[in-house]
Amino acid sequence: MFDWLRFTQPDFVFSAKLPKVITHQKKLNLKEGVETDLIKFIELMQPLWSNRKLGPLLIQLPPSFDSDLDLIESFFKILPNDLNFAVEFRHNSWWNDETWNLLKKYNVANTIVDEPLLPPEPVVTADFAYIRWHGHGGRPWYNYHYERDELEPWVPKIKKITRKVKTVYGYFNNHYHGYAVDNCLDILKMLKVITPEQEKVKQKVNRFLKSRFQEPESKQATLLTATSIDRLLQRLLDPARLTRAKKILDKEVQIKEVTPIRIEANVKQYTIIIDANKKIITHDCDDWTRQAPKKNFCKHIGKIFLSLPEDQAVKILEEINVKKNDWQFKPIIH
Ligand SMILES: [Zn+2]
């Protein structure tokens, strides 16, 4: 963290997500001891905060976390006043005026996201705004690159939001291959607030992206990994299931999170969590409950591996194939 301080411009601020233990495991419940977890986390952030480099902290709720106003209010009450918090709701039971009024009462920002299912009018609930561009669902998600005409409608929206708040924070989550950097600069350019220095960086990024993704060799490498994914999947899915996995449409897949060790996604109405560290796959369809004891995949798990960045899919599949007994295939426990 001291390097973050040292190597960033004076006006650069960091934003962080609250640890999953608070939002996902203990679900903001004070009885589970989240206050201690929160204090510990804020202490960690202290060097950033005391150097005026700490932006809003994000309370990102898991998709299954549905509306409970009393619970969330009790959590808001323990938030320190001198820090900014934003909350990202991923269950639609939250999207109503009662929620927005509660957020306003505690000056917590509703996280404005670019999902098509959300209300089209951005809801502002604090004296700052927090926007996240996740990239769109489906196969190109991890290396999603927003086109100009997809970002263009955001320009009037952001201008409108700007008039209501002191500061607008915007984040791009499509971080694979550096697309997020490029899209951030796109938005700044469209808003006509890009600095000459940022303009130079943008040209550099564009040159990098062009050189990296137009080489014929890299295309061939992609093809090779694609066949090896197939080969690896054949050991875990019978041909009929593999065919059905390939028939699932990209738009039916919503990847919620990808890190080198953890993948969380929805396929249709089902949830999939792959924890490569603990070697656990949890999922909740009927076929999975039958396949899991035999250490076989269902079509949904197959589809997730077909949707991940190729190098990551190969790495995890190889690990599963080599050490099948170390992996646990579990039905989701709610
Ligand atoms: Zn399944």
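Within the straight-line cut-off of under 14 Å between alpha carbons, the aspartates and glutamates reachable from LYS104 are GLU73, ASP127, sequence neighbours fewer than 8 places apart in one chain being disregarded.
A simple packing score, the average count of other Cβ atoms within 10 Å per residue, orders the peptides 5-18, 266-279, 156-169 as 266-279, 156-169, 5-18, with the highest score first. Near ASN321, once Lys and Arg are set to +1 and Asp and Glu to -1 for all other residues with Cβ below 14 Å from its Cβ, the sum equals +3. Taking label positions 7 Å along the Cα-Cβ direction at both LYS210 and ARG262, the computed distance is 3.9 nm, reported to one decimal. Remark on GLN60: its backbone amide H falls under 5 Å from those of LEU18, GLU88, a criterion applied only to residues 5 or more positions apart or on other chains, H modelled at 1.01 Å from N.
Measuring between alpha carbons in the structure, the pairs from LYS77/LYS105; LYS27/LYS166; LYS279/LYS323; LYS20/LYS278; LYS17/LYS251 lying more than 19 angstrom apart are LYS27/LYS166; LYS17/LYS251. Counting only DSSP beta bridges with both residues in the chain, the antiparallel share comes to about 40 percent. Rounded to the nearest 500, the helix-only mean residue ellipticity at 222 nm of the chain stands at -12500 deg cm²/dmol, with each DSSP H run of n ≥ 4 adding -39,500 (n - 2.57). For the chain, relative contact order (Cα pairs under 8 Å, six or more residues apart, normalised by length) works out to 11 percent.
Considering every pair of different Cα atoms, what Kirkwood radius, in Å, is found for the range 237-334? When all Cα pairs of the range 237-334 are included, the Kirkwood radius is 13.3 Å.
The value given for the chain is a Kirkwood hydrodynamic radius of 22.0 Å, derived from the mean inverse Cα-Cα separation. Starting from the Cα gyration tensor of the range 284-333, take the square roots of the eigenvalues, sort them a ≥ b ≥ c, and report rounded, prolate or oblate (rounded when a/c is under 1.5, otherwise prolate if a/b is larger than b/c, else oblate). Cα axes put the range 284-333 in the oblate bin.
Rule-based calculations on the coordinates, nothing more; no lab input. Computed from a predicted structure; not experimentally measured. Neighbour counts are summed over all protein chains in view; Cβ atoms, including those assigned to glycine, are modelled from backbone coordinates with ideal geometry.
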